[in-house]
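Before any comments, here is the structure.
Each value in this text was obtained by applying a stated rule to the coordinates, not by laboratory testing. Predicted model only: the values in this text are computed from it and were never measured. Counting neighbours? That spans all protein chains shown, and the Cβs are built from the backbone with ideal geometry, glycine included.
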Amino acid sequence: MYDVIIIGCGVTGAAVAYQLARYDLRVGIVERFSDVACGATKANSAIMHAGYDPAPGKVMTPLNLRGIRLGKEIARKLDVEYRPLQSLVIAFSERDMETVRTLYERGLANGVNVKILDREQVHAAEPSLNPDVIGALWTDDSAIINPWEYATAMAEVAVLNGAELFLEHKVTGIVRDGDALTVVTDRGEFRTRYVVNAAGCHAADIMRMVGDDRLTQTNFQGQYFVLDKAEGAKVNSVIFGCPDEKGFKGILVSPTVHGNLIVGPNSDPVASAETLGTDAATLDRIKASGLRYVPSINFRNVIRQYAGVRPTTNVKDFVIDVSPACGRMINLASMASPGLSAAAAVGERAAELLAGAGLELRPRASFSDSRPPVVRFASLDAEGRRAVIEKNPLYGRIICRCETVTEGEIVDAINRPIRPRTLDAVKRRCRAGMGRCQGGFCSPRVHEILARELGVKMEDIRLTEEDSFIITGKTKE
Amino acid sequence: MRGAGVKHYDVIVIGGGPAGLAAAVSACDKGAGSVLVIERDRVVGGILNQCIHNGFGLHYFKEELTGPEYAGRFAEMVRNTRAEVVTDTMVLDIRASADERVVSCISAEEGYREYGAGAVVLCMGCRERTRGAIAIPGDRPAGVLTAGTAQRYVNIEGYMIGRRIVILGSGDIGLIMARRMTLEGAKVLACVELCPYSNGLNRNIVQCLNDYGIPLYLAHTITGITAENGRVASVTVSKVDGGRPIPGTEFTIDCDTVLLSVGLIPENELTRGAGIEIDRRTNGPVVYEDMMTMTPGVFACGNVVHVHDLVDFVTAEAMKAGAAAAEFAAGKRVEGEVIEVRGGDGVNYTVPQRIRPGNAGRAAEIFFRTNRPRGESVIKVTSGDRKIASFRREHMAPGEMEKIIVPAVLLAGASGSIEVSVETTGEA
């Protein structure tokens, strides 16, 4: 019998697991994908929002504000790639300036360090901007983060402290069972005293399994371009357009913690949360917006596109509560933006709600708030490089030449507390294949190392989910 | 200036592919006392090792060899020189100033180290353009890979990468892979090319597509990819006009694999890192007639400078670069007039981009590619209003590198710059 089963190991589920790891509980995490952080957590803008956007009084507002403070601390403690970065909401017109002033007032009310910049100030703050920009909202309470590393790091700490992670377990039903619940998955059942619903885009589906039909998932997709580091170096801020009347924050231009540039997302309804394809018309639209903000972006340096679907519902706020239909289920639903920013605070809130619902939280004596260190060869200086190679010669063999990722880092990644099973999962752990050649040179070698370390055949290695096998057999068969 | 404890070589060659091997042989022949070749892969030979088809060496060896044979011959030549070769070693950066060049590299065996060099020859080759770079929309499943990556899986590792294949782009690697996959029992359903003409060698169109009845869709592109269970299920193909898809012309091909052969990009990260001037048209360093870059003592040759059609021409260029590097290391410096070479009408780029007539010997070789297929044409070399030379061609194609040889005496009259242009008189 589990004390808590967390459904979903995106950044929200991982934050809950991280929070619960400090208590003497038996925790299980069921995740439908082959790796953690694979839903909205891997396909978003990777921004820790300063908190000027949500209106005072919303559920999300205090969680956003506390989430970014906790997130900064967690990133430092668990060595997650994180970079404080100013952000701008730019105005092209007087009407936009009205929006900027509204956001400014909201920022002040939320205690965010905001300023309104005039034309001269905004161009001084971000010289790459279109000369037509007349002003902006400015804040330096914002940051950029590696979102999948953030989630993975928290999940790793949870696992190291005893949480059991079940990947590729898709929840198909929840059965009430006296004083407990049984979470039914396609690969086995889990009896538990409490359930935390952190199922992202599927949170509304999970709620319905206990008869709670308040929410309907609305699938708004966002597509992005990723550009080469040469482009990332052109901007020194997260650049937002003015939000539209529907509250959509608008297309943004931002560097990533790795130095690339991202441009996106749109916000358009799609058929399902699994609709992750891109389309030419949308990409053209995003490109036009990006160029309107920063005319010097060279789209010949695009290296990839991606798309994500937001966990939005009919409620325009987070829905965080003990389910009115089932006192043993905590909902963390409708976790769209600022879901990433708020995650750590949502994790805390989930623990409080569990306690309120009757779960005893006794501190775990052996709790260790740390995870194995990560060697990032590319960011070491000559001395650091010498030192790590001396310790392990595999750090001297570069496998991914674009991102300077060594065999040592790949082997480390595969043997971390949560083992990646696919090429994409390895890529998310150590960046092998994330550069300009997109794995053209290194993917056969990473493939070989992954098969070797997992002790499986080359044919059994997948790119991502389902039957995404990379090779179909041997030649001459 | 030689740093204490830093091992010094007369010539350091970065990359042990066809360019690097030839540059090393040539540097030794020219008298370089110490030469080091640094190769990142486990063996030398570069991309030739996976090019198991024949057709290499017709110009240089006057016989038809496979890629591994061609590479093997040069590896053997290098073994017979005093050049040292280190493999499984990656160069991390090059620091080049007027009087000092330092190369830092790492390997599992010897860790991190730096070498000083009298001259450096850049031979890093090129990489393939990816799906992301050309932004093919649609799902992002397994089964979409560049032709070169597929070639490695099939020819080096011995794995099949799919059974029903569509190839985007008619570059040479794509064409070669069409034949290769067919011979391995896969069905190649189509080769789809954006341009109204192929960018590959004509002999490859005939021998790799036509001989196997593989349809070539010119002026078409892939406008969508769908996935099923994580693997490619189909592609949408559309007719294009001036590169833009024409709505209403779409058709679907059910397949499990998409191979991309949509262009090669010189790999100049080290070059950029060293602050060496890059030509926007070639994506390679700007070079003089002897393949020296605009940074003294750093030379470059092969696909890192511009993408070649035949390896034989890589060899010839590398021989030139290796020899010049050896001479530079021995103290030779070229002074005097510099002529800029510009690409005019119909010319995508030129290599070299600068010629020093005093160092060109009896004649200067200029390589370029034209921007479209052409029938009977005249290549003109002019300087201002003055006509310097002209060369006739029966036909020209973007898939083939052009070479002209301009006698030095004619360059003497050029004032500051010359322009190479093409005028077509007949139909393609």
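Just want to confirm a number: the relative contact order over segment B:130-262, from Cα pairs under 8 angstrom separated by 6+ residues, in percent.
That works out to 33 percent.
For the segment B:109-119, counting C-beta atoms of other chains within 10 Å of every residue's C-beta and taking the mean gives 3.
Taking a ≥ b ≥ c as the square roots of the eigenvalues of the Cα gyration tensor of segment A:179-287, is the shape rounded (a/c under 1.5), prolate (a/b larger than b/c) or oblate? Note, shape of segment A:179-287 comes out prolate.
The helix-based estimate of mean residue ellipticity at 222 nm for chain A, built from -39,500 (n - 2.57) per DSSP H run of four or more residues and divided by its residue count, is -9000 deg cm²/dmol to the nearest 500. The chymotrypsin sites (Phe, Trp or Tyr not before Pro) found in segment B:1-67 that occupy coil by DSSP, while having at most 16 further C-beta atoms within 10 Å, are B:Phe61.
Straight-distance candidates among the aspartates and glutamates for linking to A:Lys457, with alpha-carbon spacing under 14 Å and chain neighbours fewer than 8 residues away dropped: A:Glu448, B:Glu157. Other protein chain C-beta atoms within 10 Å of residue C-beta, averaged over B:142-152: 5. Taking the fewest neighbouring Cβ atoms within 10 Å as the starting point, the ordered list for A:Tyr150, A:Tyr306 is A:Tyr306, A:Tyr150. Going by Cα centres, segment B:357-416 and segment A:360-415 are how many Å apart? About 54 Å separates the Cα centre of segment B:357-416 from the one of segment A:360-415. Dipole of the protein assembly as shown (Lys/Arg Cβ +1, Asp/Glu Cβ -1, origin at the Cα centre): which of A:Gly211, B:Leu58, A:Ala350 lies farthest to the positive side? The residue sitting most towards the positive pole is A:Ala350.
Select from segment B:74-161 those GluC sites (Glu not before Pro) which occupy a DSSP coil region and have at most 13 other Cβ atoms within 10 Å, ordered by residue number. List each step's numbers first, then the result.
Numbers: sites: B:Glu76, B:Glu84, B:Glu100, B:Glu109, B:Glu110, B:Glu114, B:Glu128, B:Glu157; in loops: B:Glu109, B:Glu110.
Filter output for segment B:74-161: B:Glu109.
Here the Karplus relation 6.51 cos²θ - 1.76 cosθ + 1.60, evaluated at θ = phi - 60°, turns the backbone of segment A:141-152 into coupling constants of 7, 9, 7, 10, 9, 8, x, 6, 6, 4, 5, 5 Hz, with x for every Gly and Pro. Separation of segment A:424-477 and segment A:163-180, taken as the distance between their Cα centroids, equals 31 angstrom. Listed by chain and number, the lysines whose alpha-carbon sits under 19 Å from that of A:Lys58, ignoring those within fewer than 8 places in the same chain, are A:Lys246, A:Lys249, A:Lys316.
Looking at the square roots a ≥ b ≥ c of the eigenvalues of the Cα gyration tensor of chain B, which shape do they give, rounded for a/c under 1.5, prolate if a/b is larger than b/c, or oblate?
Working: a/c = 2.02, a/b = 1.31, b/c = 1.55.
Judged from the Cα gyration tensor, chain B comes out oblate (a/c at least 1.5, b/c at or above a/b).
Its Cα centre serving as origin, segment B:130-262 has a Cβ charge dipole (Lys and Arg +1, Asp and Glu -1) of approximately 140 debye. Among the residues of A:298-311, the average count of other protein chain beta-carbon atoms within 10 Å of the residue beta-carbon is 2. Taking only the Cα atoms of segment B:1-149, the radius of gyration and Dmax are 17.9, 56 Å.
Extending 7 Å from the Cα toward the beta-carbon at both A:Asp244 and B:Phe61 defines two label points whose distance is 6.2 nm. Counted by Cβ distance under 14 Å from A:Gly135, the other residues give a net charge of -3, where Lys and Arg count +1 and Asp and Glu count -1. A simple spin-label model places pseudo-atoms 7 Å from Cα toward Cβ; at B:Thr252 and A:Lys457 they are separated by 3.2 nm.
Per-residue counts of other Cβ atoms within 10 Å, averaged by peptide: what ranking do you get for A:384-391, B:138-145, A:443-450, highest first? Could the numbers behind the result be given before it?
Details: A:384-391: 17.1, B:138-145: 24.8, A:443-450: 21.6.
Descending mean neighbour count gives B:138-145, A:443-450, A:384-391.
Across segment A:377-460, the mean sequence separation of Cα contacts (distance under 8 Å, 6 or more residues apart), normalised by length, yields a relative contact order of 24 percent.
Count neighbours as other Cβ atoms within 10 Å of each site's Cβ, and list the GluC sites (Glu not before Pro) in segment A:203-294 that are DSSP loop with at most 15 such neighbours. It would help to have the intermediate numbers written out before the result.
Values: sites: A:Glu231, A:Glu245, A:Glu274; in loops: A:Glu245, A:Glu274.
Those satisfying the criteria are A:Glu245, A:Glu274.
A straight line joining the Cα centroids of segment B:5-27 and segment B:30-98 runs 9 Å. Counting Lys and Arg as +1 and Asp and Glu as -1 over every other residue whose Cβ lies under 15 Å from the Cβ of B:Ala363, the net charge comes to +1.
Of the residues B:Ile176, B:Ala24, B:Gly263, the one whose Cα sits farthest toward the positive end of the charge dipole of chain B, with +1 on the Cβ of Lys and Arg and -1 on the Cβ of Asp and Glu, is B:Gly263.
Normalising the average separation of contacting C-alpha pairs (under 8 angstrom, six or more residues apart) by the number of residues puts the relative contact order of chain A at 20 percent. Taking other C-beta atoms within 10 angstrom as a stand-in for reagent exposure, A:Lys316, A:Lys234 fall in the order A:Lys316, A:Lys234, fewest first. Between B:Tyr212, B:Ala186, B:Ile156, the Cα set farthest toward the positive side of the dipole of segment B:130-262 (charges on each charged residue's Cβ, about the Cα centre) is that of B:Ile156. Here the Karplus curve 6.51 cos²θ - 1.76 cosθ + 1.60, taken at θ = phi - 60°, turns the phi angles of segment B:390-396 into couplings of 9, 9, 8, 9, 5, 7, 9 Hz, with x standing for Gly and Pro.
Kirkwood hydrodynamic radius (Cα pairs, Å) of the protein assembly as shown? Can you show the working numbers first?
Values: mean 1/r = 0.0337 Å⁻¹.
About 29.7 Å, per the Kirkwood formula over Cα pairs.
To the nearest 20 Debye, how big is the dipole of chain B about its Cα centre, given +1 on the beta carbon of each Lys and Arg and -1 on that of each Asp and Glu? Write down the numbers at each step before the final one.
Details: 45 positive and 51 negative charges, 43 e Å.
Its charge dipole is roughly 200 debye.
Ellipticity at 222 nm from helices only: DSSP H runs of n ≥ 4 in chain B, each -39500 (n - 2.57), divided by the residue count, give -5000 deg cm²/dmol. Classified by the C-alpha gyration tensor, chain A has an oblate form. Its axis ratio a/c, with a ≥ b ≥ c, is 1.5 or above, and a/b does not exceed b/c.
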